[in-house]
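Notes follow the structure.
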Amino acid sequence: MKTLKVAREQAGLRQDDLARILGMKQSQISRIESGLRETTEEERMKIAKAVGVSPKELLMSSSEALGAMERMILTSASSEQRKVAATMLRELFG
């Protein structure tokens, strides 16, 4: 769940904030973000709601998430905005 960290940060939450919202420990959030702990479907739904994304987005790889974001940007932004956004997304997702 590499994209969880990005979604959490974009929501303005720290790991301990998200843990408190979900009734979990910060260490559990850390393990989920690093891929050391799997989540149940119910947990994914709660996490997704807390960070404002769909459960499916949490299961995407970084490259899949990047592609989805790029497609969304391509449909609604000016040429200059697309260039700036693409650069930012590549920096975020490497």
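Would you check which residues across the range 53-81 are at pLDDT 75 or above, of a type outside the set (A, V, I, L, M) and in contact with a helix residue (DSSP H, G or I) (Cβ under 7 Å, 6 or more places away or on another chain) and list them?
Result: Ser54, Pro55, Glu57.
Could you list, in sequence order, all residues of the range 13-37 that are among the small types (Gly, Ala, Ser) and either open to solvent by less than 40 Å² (accessible area, probe 1.4 Å) or at pLDDT 95 or above (or both)?
The answer is Ala19, Gly23, Ser27.
Would you tally the residues in the range 2-30 being among the small types (Gly, Ala, Ser) and in a helix (DSSP H, G or I)? Steps first, answer last, please.
In the first step, residues of the range 2-30 are kept if they are among the small types (Gly, Ala, Ser); the result is 7, 11-12, 19, 23, 27, 30.
Filter once more, keeping what is in a helix (DSSP H, G or I): 7, 19, 27, 30.
The qualifying residues number 4.
Take the range 82-94 and flag every residue that is open to solvent by 70 Å² or more (accessible area, probe 1.4 Å), within 21 Å of Ile32 (Cβ to Cβ) and modelled with pLDDT of 65 or more.
The answer is Leu92, and nothing else.
Name the pairs whose Cβ atoms lie under 6 Å apart, with the first residue in the range 35-57 and assigned to a helix (DSSP H, G or I), the second open to solvent by 100 Å² or more (accessible area, probe 1.4 Å), and 6 or more positions between them or separate chains?
If the second residue must be open to solvent by 100 Å² or more (accessible area, probe 1.4 Å), the pairs left are Ala50/Ile21; Pro55/Met45.
The values are calculated or read from the model by the stated rules, or taken from the named source; none is laboratory data. Since this is a predicted model, take the numbers as computed values, not measurements. Cβ sites come from the backbone with ideal geometry, for glycine too, and all protein chains shown count toward neighbours. These area figures cover heavy atoms from the full protein model, side chains too; ligands, DNA and RNA do not enter into them. Shrake-Rupley method; radii C 1.70, N 1.55, O 1.52, S 1.80 Å.
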